[in-house]
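These notes concern the structure reproduced below.
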Amino acid sequence: MPGSGAGWQLAAMLIAAGALLPVVVLAGFAAQGSIGLWPHLLRNVLANALGQTAILLAGVGVIVAVIGTVTAWLIAGFDFPGRRILGWALALPLAVPTYIVAYAYLDILHPVGPVQSLLRDLLGYSSPREFRLPDIRSVWGCVLLLGFVLYPYVYLPVRALFATQAANLLEASRTLGAGPARVFWRVVLPLARPAIAVGMALALMEALNDIGAAEFLGVRTLTVSVYATWINRGDLPGAAQIAIVMLLIVVSLVLVERRARRGQRYAGGAHRLLPLSRTRLRGASAVFAALVCALPVLVGFAAPAAYLAHQAWRRVVHAGIPPRIWVEAGQTAALALVATLVAVGLGLVISAAPRLRPSPATRAAARISTLGYAVPGTILAIGLLPVITFADRQISGVLGWFMTNAPQLLLLGSGAALIHAYVTRFLAIGTGGIEAGMTRIPLSFDHAARSMGQSPTGVFRRIHLPLTRASMAAAGLLIFVDCVKELPATLLLRPLNVETLATHLYGEAARGTYEDGSIAALLIVVIGMLPVALLSRGIRA
Amino acid sequence: MRGKLLGWIGTALLAQSAALSAMANELNLYTTREPKLVEPLLESFRNETGIEVNTIFLKDGLPERLEQEGAASPADVLMTVDIGNLVDLVDRGLTRPVESEALTAAIPENLRDKDGNWFALSLRARALYAAEGLDLTSFEYEDLADPEWKGRVCIRSGQHPYNVALTAAYVTHHGVDATRRWLEGVKANLARKPGGGDRDVARDIMGGICDIGVANTYYVGLMRSGAGGPEQREWASAIRLILPTFENGGTQVNVSGAAVAKHAPNRAEAIRLLEFLVSDEAQKIYAEANFEYPVKPGIPVSPLVGEFGALTVDPTDLTAIARERATASKLAEEVGFDN
């Protein structure tokens, strides 16, 4: 057979190295510090921070898994009024960044906000001092809000799974006489487990690294401790130590889950995949199914989006549209687009390499490339800075041979640094999504093509590329939305005079003038909505 | 295909170097002050001098970025808030001293570095917001721990730089142990978990969650000016602002300030910007658009800020407060202030 796939292995290892470098730099920072921080942390911080982090992760995990799986099963397996619209609307909360959701709900549910004011009017109280609801600023409030915006990370892959490979097994179990409940517990859940695990891992890493919503809602997670250590005590090594410990925890959790799933393989045979035939629901059960699917859309998207639209409208009337907002929207979309193309391309190489050249190196590369998602954004950016400025100095050195006045800091000054940060951060989504697509291609296809004389690159071009087109598109859309929402790395690594919608919004939020940021917030949601809708429609169920 | 790509890269590089060599009459500003706060100042600087200002608004990590950029850094002027951040820039060797008659004449001695590394440009005070109906005319920071206020106090995170600076000031007045007891007392008085921003204190007082709270002065000016819309006027009308003092001292103030970067490629322009920022014109913008206290003696505060009464600045040396920051941050964790 021609070709050994060594090139693929090399490419995968290079990509993994690019993603690993910032983590190595962080480890270097961590090693520079003493361990003097830890007695203080152990005594005063860790018990509470670990407790809050555990509640947050467990709570968000349960909510995203339940909402994501149940709604995906209802949309894929049943027919009821509103199913088509709900099917794509269920993905919309992805377009709303967690920090915007927290801010919106703090306003909506505040004692002087619309909900409680209405309640007081109805109940006949005149002042919030006489009657008010419990504060949402708590770890439980945070769990609920994050759960309702992050569940699409589970919903999308699970629904995609039901829509394609699950159909045969589901049809079989129905034919064999299993009722809906039995089918759900005995077939649907076990089948969906890998997809649920992948989605949950993404959602939990988002929740763990969230700093915006946690700050709004007064939740003290480990991530908050990282910031306090770094910013207030100027102790970057100490902060890096905490970040590395968190990273180790995340990595071991992911490994435990993978180990537990080892040996289970779901790739179907080479026969044509059949669409799942849906059971038609009538009467009360149809209404119930519609309500179950509408609730997450309402809480995670419709209410905060409507609130933002209202705020933005008032702002436009009061002060007009900020003139530069369209430029910022353009820059946001352009940066996100470039990063998406790069991340999808690299994700494709990373997930194809272990098939074209099965080796420990290619498999390790696939795992390592996802590390960037497990580190808080600012900390990752801090780890990237030395990598990028080192490369910049080399580039200037080389250019200096050819021209006087060689440009300095070309990567940092051109936005390439930011693209690198986005790609490192969101490669996990690309790799995860495309890998899931790859596993659905039976290995026998690869073998057949190879035995017919195709090189590894030929297999990639003629088999993998066409057959993973859908999962590439899905991963790309997810990455795009995440780039549009990304704040901390953008803030630190963007060039002079470049503002994205997220940094604009942050500039307003940081000085407490949220209302001035509402137009930018709305635009983030609107720009994110389009790809999310496309993404969701793409999964035909 | 390949030739085309190379050609394209070459053009991009040429454009970039052309842009760099045309840098005369330009300067680059790294700021942690929010764009809306610096834009009016830069606008009038441009009009007066014809110098274009390229800006990047950063938050955490400004010193890290400068450090990594090293000698290649395009940064000319560094603007930030909080004395700790200014001292930090100097300690890391990221600034270069400036000798300027205009600056030393305009800024009182205690509000600039004696070596000319940093210069304060405006002041803000850590104030008390009190519910409109309360019979309260004066207040001491020490009182925040008084059990009289049990369940009635709102404040943002104890790890926020504004509160870290207040706690650090407390340490310079009373020492570490008394500060720990004070923080414990304040924590016991909290009506809700620390969090949100300073303006939430006003809103939460209006919402009946608390009776008093700690926040910066300029937010009240912003809210009362109506720039944020009518509903914020309502929040501000629910509260009264009191300038608290330390038992044997004055009101805790913090600064916003600027420095010239060590490797500034446009040093002359950078110094011109600093000098402009202490001109009467710029100091008036600080007072009237940002509702801060100008550093330059003789520039009047905004009428909205004048209503707060005379400001008696606490005499403690600002750099002494900056040195207690790490202690203050640790203390907040020790007493579990934010938990």
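The values are calculated or read from the model by the stated rules, or taken from the named source; none is laboratory data. Please read these numbers as outputs of a predicted model, since none were measured by experiment. Cβ coordinates were reconstructed from backbone atoms using ideal geometry, including for glycine residues, and neighbour counts include every protein chain displayed.
Listed by first and then second residue, the pairs linking a residue in the range B:198-211 that is within 7 Å of another protein chain (Cβ to nearest Cβ) and in contact (Cβ under 8 Å) with a residue 40 or more places away in the chain to a residue that is part of a helix (DSSP H, G or I) and among the aromatic types (Phe, Trp, Tyr), with Cβ atoms under 8 Å apart and 6 or more places separating them unless they lie on different chains, are B:ASP198/B:TYR162; B:ASP198/B:TYR219.
Here is a check on your reading of the model: is B:LYS330 under 27 Å from B:GLU184 (Cα atoms) and without any contact (Cβ under 8 Å) to a residue 40 or more places away in the chain?
Numbers: under 27 Å from B:GLU184 (Cα atoms): yes; without any contact (Cβ under 8 Å) to a residue 40 or more places away in the chain: yes.
So B:LYS330 passes the test.
Which ones in the range A:396-435 are in contact with a Ser or Thr (Cβ under 6 Å, 6 or more places away or on another chain), touching a residue at least 24 places away in the same chain (Cβ under 8 Å) and hydrophobic (A, V, I, L, M, F, W, C)?
Applying the first criterion (in contact with a Ser or Thr (Cβ under 6 Å, 6 or more places away or on another chain)) to the range A:396-435 yields A:405-408, A:427-428, A:431, A:433-435.
Cutting the leftovers down to touching a residue at least 24 places away in the same chain (Cβ under 8 Å) gives us A:427-428, A:431, A:433-435.
Correct list: A:LEU427, A:ALA428, A:ILE434.
Every residue, every condition in (1) in contact with a Pro (Cβ under 9 Å, 6 or more places away or on another chain); (2) within 22 Å of A:PRO376 (Cα to Cα); (3) crowded, with 19+ Cβ neighbours inside 10 Å; (4) more than 14 Å from every other protein chain (Cβ to nearest Cβ), yes or no:
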site: A:TRP38; (1), (2), (3), (4): no, yes, no, no
site: A:LEU46; (1), (2), (3), (4): no, yes, no, no
site: A:ILE67; (1), (2), (3), (4): yes, no, yes, yes
site: A:ALA76; (1), (2), (3), (4): no, no, yes, yes
site: A:GLY87; (1), (2), (3), (4): no, no, yes, yes
site: A:PRO114; (1), (2), (3), (4): no, no, no, no
site: A:LEU119; (1), (2), (3), (4): no, no, no, no
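With respect to A:VAL349, is the statement that it is touching a residue at least 24 places away in the same chain (Cβ under 8 Å) and of a type outside the set (D, E, K, R) true? Criteria met by A:VAL349. Reported count of residues in the range A:128-142, each being facing another protein chain (nearest Cβ under 8 Å) and modelled with pLDDT of 85 or more, is 1.
Residues in the range A:515-541 that are buried (at least 22 other Cβ atoms within 10 Å of the Cβ) and at pLDDT below 85 were compared, and the one that is nearest to B:LEU37 (Cα to Cα) is A:ASP516. In the range A:433-459, the residue that is surrounded by the fewest Cβ atoms within 10 Å (Cβ to Cβ) out of those that are part of a helix (DSSP H, G or I) and touching a Leu at 6+ places or on another chain (Cβ under 7 Å) is A:VAL459. Being under 22 Å from A:THR370 (Cβ atoms), in a helix (DSSP H, G or I) and within 14 Å of chain B (Cβ to nearest Cβ) is a condition met by at least one residue of the range A:491-500. A:LEU399: within 13 Å of chain B (Cβ to nearest Cβ), in a helix (DSSP H, G or I) and surrounded by 24 or more Cβ atoms within 10 Å (Cβ to Cβ), yes or no? No. Answer yes or no as to whether A:GLY82 is among the small types (Gly, Ala, Ser), surrounded by fewer than 21 Cβ atoms within 10 Å (Cβ to Cβ) and either farther than 30 Å from A:ASP235 by Cβ or at pLDDT below 90 (or both). When the stated conditions are applied, A:GLY82 passes them. Note on the range B:188-285: enclosed strands (runs of 3 or more DSSP E) holding 1 or more residues that are under 19 Å from the mean Cα position of the chain (by Cα), within 30 Å of B:GLU67 (Cβ to Cβ) and assigned by TED's automatic domain parsing to the domain that holds B:THR49 are B:253-260. Highlighted here are the helices (runs of 4 or more DSSP H) found entirely within the range A:107-205 that include at least 2 residues which are hydrophobic (A, V, I, L, M, F, W, C) and closer than 30 Å to A:LEU534 by Cα: A:139-150, A:152-163, A:166-175.
Within the range B:79-130, can you find the residues that are among the charged types (D, E, K, R) and part of a strand (DSSP E or B)?
So the first thing to find is which residues in the range B:79-130 are among the charged types (D, E, K, R), and the list is B:82, B:88, B:91-92, B:96, B:99, B:101, B:109, B:112-115, B:124, B:126.
Hits for the range B:79-130 are B:ARG112, B:ARG124, B:ARG126.
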